[in-house]
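Engineer: Mind having a look at this structure? Questions to follow.
Since every read-out is calculated from the coordinates, none of them should be taken as a lab result. Everything quoted here is computed from the prediction, not taken from an experiment. Every residue, glycine among them, receives a Cβ derived from its backbone with ideal geometry; neighbour counts consider all protein chains shown.
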């Protein structure tokens, strides 16, 4: 369908320390025992998109991710791995791989997206309106573990600032205003022109940018070229395109048509105009057309481009893994209410020795135990994910937590609302509450931590 | 007037035309070709296969059949061929035709002339057809061109087939004997052979030649007598459209029987094939259940999610389909242009797969696109005609062309179709119609027709001073868009709803209407409500001008708007846009909803009686002349 797919997998995210490390870049962070990238790739594969470009920050990370993808999807997907320098932002990443982009439209998906929004729907909306950019909006996920009511304090502050203000036209098809994150503190500025053209605008704060975009390639490339300072697609490029949709300085949707007209030698220009007028009269005019045409109804003079929005239905699941809290939430949801995301992702995961449970050990609902894990006697596992080959002693309580692979947990430990990374050793009677334990860390016996981030010191 | 009546009578007579084209027949052909040349004194007609397409309409042989009946019997001693079955047809067939003939004695002179010409075409077309269809018949090629050998063949062949039934039949028709002259007798023989040939052809087609020969002929005449003339004429006219020299193509071109959506088993089959979910046929009005149910917006997410899975669908086609489905694009011309442009894109990006030929593969590909578009929204007649044009162009591509040449040819063909049949046609129509607008006129239009809009704007540019009344109706309210554009150009307009039509009509001097399609009987198929406007105008004695490009004409005959129509979104009529408070139908209980059926028809049929003139790119014609245009036009684009 003439779409190129770019998956922005990212690299080591600061938000997620200490969970991610050089050895475990963000794309491979296990969510319900599968690397988070699996979800995106699986989603794309289901939509019959098999030629992908996966952009990874950092050479090392690219190698690791590349090895994993070729191991997992070798016969199913045709993936190109592109390594870009770190800290150049999403826009920078696209700029780096710009010369690889050839098709008319480009689908940009964030690698940390866990959702069931069909990419095809976004692409179809994009095509239908012949838009310059189409952004996927989804309702803001319910955050924090509802059951326990406690959440990671560090994230709370961050959450408060993370507002999205999104303006839509009455038909809910066009994006009129978008402001995210830090911008909110400042006054929201709206171009008068847009307001006048649309007449009515719906402002919503319950929607979130899901970071799945369809761009018109020519527009995207031109914007990236013109504006060197743009770092992020979400915070720079998209608001810029939305702002300037009625006085398009960058490419407009007219330009490609103009090229086509130039190629038509058979038909006179006059007829072209005639035909396009018939078409224009027959279609429902968007506010772009209305505003661009001069009062006397002559041909449009001002250049415009369209910014569309695809609003995912409220029933679909769509969360980005961009914070530790989100990581917890996704783990909870994927094992719980959104378990359809798991189905068919990777059947291999289910093969292997099943976990061994000791006597009087209970594993509650919404929990998952990886293969080869051993749980001792009289343990409790509730709403938690436990990775592969973990050894858990007896009298251990794991609630609302994520325990990754190869973790050893001594007897009598209590783990609540925490993330325990791979190869961690928890000695006996450790109590963790709302903690993150970095990979390879050793927690000494009897220690108690609350809302702390524990990680090995960098050597 | 006289000619008109003749043309009206045509459909009935066309039955004969229907018989003739199906003749890959062997025996009678030689005779025809033998006697053909002597009588053929109109070279232009006989020369080209173009006349083939005309053959069905000239059909007066019917009449000639009947009045020569006696002659034939007189010639009985010399019946050269024929078997029982064939004669049985002729016998039972003729009486009905002779009745027809007696009913319309006014045709005397004209009819005769027509007739002599007619038979001539008739023969020529058959002989031409013979040569082309011969491979399938596989009988004898040489006799077509060499009358001498024909005679020889005749002597050998038909004689053994003589039978007693023939004599029997002869005695039946004896009473008419005295009236006929020798020449007429001769002519009758010719025509009878033709009839026989056709019936034979049918017999040959069926698996059991002997049985079918006797059973089929019996059936046909019966149909003719029993079936209402309307039905038969519909059938005939549809077949006429199909009459083309190459038998195979003719078959392919026959429109498949339209899907009847109340047929459960077929709907089920179609569901399995289709890309879209067929919405279940729930709560639809009994009378309209056979129509394809409206694909409402709920289909959109489904289609969207399949976006990348339909990889055989070209993006341009997909986009057009999406626009049809969502209603972003409406209006016959616009939809047709959009479709053709999408096809052009698709052809441009097309590459013939290895081990396939462009002609065949591209045709099937286009077929796939078309069925996708049909699923999004039923095609309009104009689009059907355009598709037929495109397919015939593909089929006629010379095999010698390289792929790129072929694609370039097709693209330029599409461009030409858009330019000639739509753009230029519109310009011509505008010129024609503008001459009818005088200063001080009050012009009424209904809905939003792009041609009518152009006419009004053009007349305004010419400096004519007139008022426009735009009549509109729910739920589409298309008139408002038209109104907006007209007012922007400085025309003085009045806007009113359809229910006020009788009040406004007093003031109006002319009514301009657009059309989605015009059928062979002059019926105008257009946006629902058009019929009422035309009817009211007729009652008030206001002339009704229907502006329609000739490519929208269709050879079908339709008398009502029930058997073929399009259903709109049923919910659209129960809701008023912008008035949330008008929700009387919203809070019905489930049981009440079950007994409530909403009907939102999109089109209606205006009988030709209410139409004063049709303005088309071939000039201003009365509705009765539509079949002529259909015939000529068809010939033009199929046989270029």
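Engineer: Taking the Cα centre of each part, how many Å lie between region B:490-512 and region A:43-90?
Structural biologist: Each part's Cα centre sits 65 Å from the other's.
Engineer: Ratio to report: Rg/Rh of region A:352-454, with Cα atoms as the point set and Rh obtained by the Kirkwood method; give two decimals.
Structural biologist: Taking Rh as the inverse mean 1/r over Cα pairs, Rg/Rh reads 0.92.
Engineer: How do B:450, B:563 rank when sorted from fewest to most other Cβ atoms within 10 Å of their own Cβ?
Structural biologist: Least crowded to most crowded, the residues run B:563, B:450.
Engineer: Shifting gears a bit: Averaged over its residues, how many other protein chain Cβ atoms are within 10 Å of peptide B:451-461's Cβ atoms?
Structural biologist: Counting other chains' Cβ atoms within 10 Å and averaging over B:451-461 gives 1.
Engineer: How long, wide and thick is region B:443-487, going by the Cα atoms along their three principal axes, in whole angstroms, largest first?
Structural biologist: Extents along the principal axes: 34, 16, 15 Å.
Engineer: Could you order the peptides B:549-562, B:398-411, A:124-137 from most to least packed, using the average number of other C-beta atoms within 10 Å per residue?
Structural biologist: Taking the mean over residues of other Cβ atoms within 10 Å, the ranking is A:124-137, B:549-562, B:398-411.
Engineer: Could you compute the FRET efficiency for residue A:74 and residue A:48, with r as their C-beta to C-beta distance and R0 at 25 Å, rounded to 0.05?
Structural biologist: According to the calculation, E is roughly 0.90.
Engineer: Further, regarding this structure: Give me A:225, B:566 sorted ascending by neighbouring Cβ count inside 10 Å, so fewest comes first.
Structural biologist: So the residues, fewest neighbours to most, are A:225, B:566.
Engineer: Average partner chain C-beta neighbours within 10 Å, per residue of B:478-491?
Structural biologist: The per-residue average across the peptide is 2.
Engineer: Rank by packing, highest mean first: peptides B:390-397, A:198-205, with packing defined as the count of other Cβ atoms within 10 Å averaged across residues.
Structural biologist: B:390-397, A:198-205
Engineer: Still on this model: Within a 10 angstrom radius of each residue's Cβ in A:117-127, how many Cβ atoms of other chains show up on average? Whole number is fine.
Structural biologist: Mean shielding count: 6.
Engineer: Evaluate E = 1/(1 + (r/R0)^6) for residue B:312 and residue B:500, where r is the Cβ-Cβ distance and R0 equals 51 Å; express this FRET efficiency to the nearest 0.05.
Structural biologist: Step by step, r from the Cβ atoms, then E = 0.50.
Engineer: Based on the alpha carbons, how large is the Rg to Rh ratio for region B:295-422 when Rh follows Kirkwood?
Structural biologist: For region B:295-422, the value is 0.97.
Engineer: Rounded to the nearest 0.05, what FRET efficiency do residue B:484 and residue A:394 give with R0 = 60 Å and r taken as the Cβ-Cβ distance? Could you check?
Structural biologist: Plugging the Cβ-Cβ distance into 1/(1 + (r/R0)^6) gives 0.15.
Engineer: Take residue A:225 and residue A:15, extend 7 Å from each Cα along the Cα→Cβ direction, and tell me the distance between the two endpoints in nm.
Structural biologist: Modelled inter-label distance: 3.2 nm.
Engineer: PRE reach from residue B:352 (point 7 Å along Cα→Cβ): which of region B:377-403 fall under 12 Å by backbone N?
Structural biologist: B:397-403
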